[in-house]
1. Hey, does the stretch 177-185 have a residue that's at pLDDT 85 or above, open to solvent by 10 Å² or more (accessible area, probe 1.4 Å) and part of a helix (DSSP H, G or I)?
2. When the stretch 281-305 is examined, which residues are found to be more than 13 Å from Val244 (Cβ to Cβ), out of contact with any Phe, Trp or Tyr (no Cβ under 9 Å at 6 or more places or on another chain) and among the hydroxyl-bearing types (Ser, Thr, Tyr)?
3. What pairs come up if the first residue lies in the stretch 33-61 and is closer than 18 Å to Thr161 by Cα, the second is hydroxyl-bearing (Ser, Thr, Tyr) and surrounded by 16 or more Cβ atoms within 10 Å (Cβ to Cβ), and their beta carbons are under 7 Å apart, counting only those six or more places apart or on different chains?
4. Quick one: would you say Gly134 is modelled with pLDDT under 85, part of a helix (DSSP H, G or I) and surrounded by fewer than 23 Cβ atoms within 10 Å (Cβ to Cβ)?
5. Please count how many residues of the stretch 85-104 are touching a helix residue (DSSP H, G or I) at 6+ places or on another chain (Cβ under 7 Å) and open to solvent by 20 Å² or more (accessible area, probe 1.4 Å).
6. Can you confirm whether Val81 is open to solvent by 50 Å² or more (accessible area, probe 1.4 Å), of a type outside the set (Phe, Trp, Tyr) and in contact with a helix residue (DSSP H, G or I) (Cβ under 6 Å, 6 or more places away or on another chain)?
7. So is Thr161 modelled with pLDDT under 80 and more than 24 Å from Ile325 (Cα to Cα) or not?
8. Only residues that are hydrophobic (A, V, I, L, M, F, W, C), closer than 17 Å to Val361 by Cα and open to solvent by less than 60 Å² (accessible area, probe 1.4 Å): list them for the stretch 238-277, please.
Amino acid sequence: MTRALRTARMGAILTFVLAGIMCGTYTVRIPALSDKLGMTEAEVGLVLLAWGLGALVTMQAMRGVMGRVGSRGVLRVAAPVCAVMLGLVALAWSVPVLVAASVAFGMAFGAVDVAMSAQGSAVERRAGRPLLSGMHAGWCVGAIGAGLMGTAAIAAGLSLTVHIVLVALLSLPASMVLSRFYLNDRIRTAETTTTRRLPGVVYLLGAITFGAFMVEGVVADWNGLYLRDTLNAPEALAALGYPVFEAGMLLGRLSGDRLRLRFGAPGLIAFSGLATAATYGTVILVASPVAAVTGMLFVGIAVAMISPMAMSLAGTASATPGPAIAQTGAMGYAGLLLGPVLIGFLSGATSLRVAMLTAVVLGVLITVAARFIPRSRATEIQPVTERVPVAA
């Protein structure tokens, strides 16, 4: 790997870390935002939905934008804008303003999310070997770091506004510095216009990402309530479920690229889906809260590699990797939005324990879907022989 490519790889990893910090900061301070504005549970749900819909709309729009300007062009604009929008969230003085700020932040973040995965795909295609799972591990580092920084800010007595604005002010120059490290993956206009239709495998990979993101959404939004209300876990223990899950995600993604080299992406996705079903099924069956929290580590390890591998395969399955990854990411985020809503509906009709079986079913469906991923070289990473320029 050349020095320029190593620099681009590090830039992509740090972009994932930065995105995890910004998104994680927003997420961990939602309770404080709720207290600040006196929001009801329905209003909190509206704010989160506004953020998710904003991200989803932008991700879908990125299909056309990425084909014209590439991931580097998108990141150079979207990452600084994302930092500014995060600051606006902190300054919201009413619920309607917060909803509007959340939409704007979600739209900027959606562009960053798609573009950083496309940039990671460009780096791994240039290197000719799997790298994207390790880059996604940077997201976990950032999300965990955001949680720790939030705890430190609260302990230090920093106000909600000061904390979020400080993160935004640090993220803005960081995003500008990172923009100098990205590969130029812009595709010529003539090539883009002849490849507007994405191959069917991209939508299959999008469906797999949909399932993986839905599992992650179920864990993020409902696992704490399940531990507290169904297993009668103390509040402090129930709160550990998601950080333990994220720690498992980090471990899984750090090892994902090496495992992919050994076993291949389609087989590893199939195994990960089955492991997700088995581990989450175990969490639901056990009666001990401590055992359930411990089990979340293994759920995180199991599901961690699915979405990075699906996006990586999408990037190699099409002549226009950016739009393909944008489509896959948009379908994934639809699952992230739909999952918690579905669990709420099912838990009302049955029970939360029964509703959580949705994650087990999704794991099985991912395994089945993985059997239809072509094993041809069209979905494998191949070295890019031509020189890919790096921003000066």
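1. Looking for residues that are at pLDDT 85 or above, open to solvent by 10 Å² or more (accessible area, probe 1.4 Å) and part of a helix (DSSP H, G or I), one finds at least one in the stretch 177-185, hence yes.
2. Ser288
3. Val44/Ser34; Val47/Ser102
4. Details: modelled with pLDDT under 85: yes; part of a helix (DSSP H, G or I): yes; surrounded by fewer than 23 Cβ atoms within 10 Å (Cβ to Cβ): yes.
It is true that Gly134 is modelled with pLDDT under 85, part of a helix (DSSP H, G or I) and surrounded by fewer than 23 Cβ atoms within 10 Å (Cβ to Cβ).
5. Within the stretch 85-104, the first condition is being touching a helix residue (DSSP H, G or I) at 6+ places or on another chain (Cβ under 7 Å), and the residues that meet it are 85-92, 94-95, 98-99, 101-104.
Checking the rest, the ones that are also open to solvent by 20 Å² or more (accessible area, probe 1.4 Å) come to 85, 88, 91, 94-95, 99, 103-104.
Selection size over the stretch 85-104: 8.
6. On the way: open to solvent by 50 Å² or more (accessible area, probe 1.4 Å): yes; of a type outside the set (Phe, Trp, Tyr): yes; in contact with a helix residue (DSSP H, G or I) (Cβ under 6 Å, 6 or more places away or on another chain): yes.
Yes; evaluated as a whole, the condition is true for this residue.
7. Values: modelled with pLDDT under 80: no; more than 24 Å from Ile325 (Cα to Cα): yes.
Spelling it out, it is not the case that Thr161 is modelled with pLDDT under 80 and more than 24 Å from Ile325 (Cα to Cα).
8. Initially, the stretch 238-277 is screened for residues hydrophobic (A, V, I, L, M, F, W, C), giving 238-240, 244-245, 247, 249-251, 254, 259, 261, 263, 265, 268-271, 274-275, 277.
Keeping just the survivors that are closer than 17 Å to Val361 by Cα gives 269-271, 274-275, 277.
Passing the criteria: Ile269, Ala270, Ala275, Ala277.
The values are calculated or read from the model by the stated rules, or taken from the named source; none is laboratory data. Just so we're clear, the structure is a prediction, and the values are computed from it rather than from any experiment. Positions of Cβ are backbone-derived with ideal geometry, glycine not excepted, and every protein chain shown enters the neighbour counts. Protein only, heavy atoms only, side chains kept; ligands, DNA and RNA dropped before computing areas. Shrake-Rupley method; radii C 1.70, N 1.55, O 1.52, S 1.80 Å.
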